[in-house]
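Below: the structure, in structure tokens.
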Amino acid sequence: RIVLGIESSCDETGAGIVSEGRLLAHAVASSMDEHARFGGVVPEIAARAHLHALNPVVREALDQAGLRLADIDAVAVTTGPGLSGALQVGLAGAKTLAYALGVPLYGVHHLAGHVAADTLEHGPLPDPCVVLIVSGGHTSLLLVRDLVRDPILHLGDTVDDAAGECFDKVARVFGLPYPGGPAIDRAARGGDPAAVAFPRPLTGPRDDPYAFSFSGLKTAAARWAERHGDTPLPVADGAASLQEAVADVLTRKALAACAAYGVSTLVVVGGVAANSRVRALAEERCAAAGITLRVPRMGLCTDNGAMIAAVGDLLVRSGAEPAPLEVSIDPSAPLEYAALRPVAAGS
Ligand code: ATP
Ligand code: MG
Ligand code: FE
């Protein structure tokens, strides 16, 4: 069966098509440029951009796959978490399609989508695996068994800023362009990662081993920049040192989770998984610990519809019950189940 996935939780409008675990189409439109001058995503602008982009993006996905709307057997859509106005546009579009085509609708948790993105590149996830989600809005460590049948165990989250948010905010302080993550990554080339001793938050023996905190790091970077006063800021050194601190904390905690739960596969997803130092350190530490590392390619790490279609495809194949057409969004949906409604036991 052929599943269309729609994503509109933030500033990317995505449509993807997946069938039996195979990626058939992956189309994304971003309103990032429209938010750049505000230094962050403006919810109203994002919602309106989805309204413009949704139909063309679905069309593009169908064209890529060489399919017609009538070929779609199920529609999956992000119901949360995310910006409510943005989510509503995607859900309204998905409901309309499901109703008009007479096919089932599945409400998907955005973070489960990020996890499933990796299956499109590396095949089914081993059970269990540890997943580190690092993006602009989330920094979470998960223990995943069967993604669509079993509850997802949330090991830890950031207690304040997400890692991507930290990169974005520090980039601004360093005078780098938006979005800050890629800019910090580029600026760090040639910098000395040991130049500035930035803190490693929540890594003490009494700290929650799976909780993250990045707002202190942001403040430390701002203070370091301030100390330079009118003298030119050694941005390369600052960026390399910040990246080192973030990569160190992320990989240390992810590997600690693998060890504690006896898990041999680590999956890293989300926009910050694109960071060159995060990737390199994860590879280095996983190799040393005998852990298999899975990181999807960049286009599947950031928000997209293919990852939502991937969850929809798993739900369809597991015989999960579809969502009723009156289903609503849940902007702060907790991640316990991949689908909006848990799969009934034994189904
Ligand atoms: P969420 O998925 O949590 O709702 P989001 O859609 O903003 O949030 P993504 O699109 O997955 O998240 O990722 C965007 C984030 O990734 C931004 O904070 C951006 O700065 C960061 N990022 C992208 N590339 C890099 C990089 N090379 N190094 C560090 N950070 C990066
Ligand atoms: Mg985004
Ligand atoms: Fe996301």
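Given springs between every Cα pair under 10 Å in a Gaussian network model of the chain, which of A260, A74, A282 has the largest fluctuation?
A260
Report, for the chain, the % of DSSP beta bridges that are antiparallel, rounded to 5. Intermediate values should be presented prior to the final figure.
Values: 26 of 43 bridges.
Roughly 60 percent of the beta bridges in the chain run antiparallel, per DSSP.
Once the Cα atoms of the stretch 92-170 are picked out, what are the Rg and Dmax in Å?
15.7, 48
Determine, for each peptide in 43-55, 187-199, 219-231, the mean count of other beta carbons within 10 angstrom over its residues, then list the peptides with the highest first. Walk me through the numbers before you get to the answer.
Working: 43-55: 18.8, 187-199: 15.9, 219-231: 13.1.
Output ranking for 43-55, 187-199, 219-231: 43-55, 187-199, 219-231.
Round to a whole angstrom and tell me the spacing of the C-alpha centers of the stretch 1-46 and the stretch 207-250.
A separation of 30 Å, based on Cα centres.
Return the single residue from D330, D237, D63 with maximal mean-square fluctuation; model: Gaussian network over the chain, springs between Cα atoms under 10 Å.
D63
Using Cα-Cα distances under 8 Å and only pairs 6 or more residues apart, what relative contact order does the stretch 242-347 have, in percent?
Numbers: 77 pairs, mean separation 24.3, N = 106.
It rounds to 23 percent for the stretch 242-347.
May I have the pair-distance distribution P(r) for the stretch 204-347, computed from all Cα-Cα distances with 10 Å bins from 0 and rounded to whole percent?
Answer for the stretch 204-347: a P(r) of 9, 26, 31, 22, 9, 3, 0 percent.
Translational diffusion coefficient, Stokes-Einstein: compute it for the stretch 84-131 using the Kirkwood radius over C-alpha pairs as Rh, at 37 °C and 0.692 mPa s, and state it as an integer in µm² s⁻¹. Show your work: numbers first, answer last.
Values: Rh = 12.9 Å.
Rounded to a whole number, D works out at 254 µm²/s.
Cut-off is 10 Å between beta-carbons; in what order do K95, K169 appear when sorted fewest neighbours first?
So the ranking, lowest neighbour count to highest, is K95, K169.
Looking at the stretch 133-218, I'd like the Rg to Rh ratio, where Rg is from alpha-carbon atoms and Rh is Kirkwood's inverse mean 1/r. It would help to have the intermediate numbers written out before the result.
Values: Rg = 15.3 Å, Rh = 14.5 Å.
Here the Rg-to-Rh quotient is 1.05.
What do you get for the angle between helix 215-227 and the principal long axis of the chain? Use alpha-carbon atoms, 0 to 90 degrees, nearest ten.
40
Mind checking the alpha-carbon convex hull of the stretch 81-230 and giving the volume per residue in Å³? Present the calculation step by step, with values, prior to reporting the outcome.
Working: hull volume 26.3 nm³, N = 150.
Hull volume normalised by residue count: 175 Å³.
Under the Kirkwood approximation for Rh and a Cα-based Rg, what ratio Rg/Rh is obtained for the stretch 263-347?
Values: Rg = 16.5 Å, Rh = 15.5 Å.
Radius of gyration over Kirkwood radius for the stretch 263-347 works out to 1.07.
Ratio of the chain's C-alpha Rg to 2.2 N^0.38 Å, to two decimals?
Values: Rg = 20.1 Å, N = 347, 2.2 N^0.38 = 20.3 Å.
Computed over Cα atoms of the chain, the ratio equals 0.99.
List the lysines whose Cα lies under 25 Å from the Cα of K218, skipping any in the same chain that are fewer than 8 positions away.
K169, K253
The numbers here are math on the coordinates, done by the rules we state, and not lab data. Since the structure is predicted, the reported quantities are computational estimates derived from the model, not experimental observations. Cβ coordinates were reconstructed from backbone atoms using ideal geometry, including for glycine residues, and neighbour counts include every protein chain displayed.
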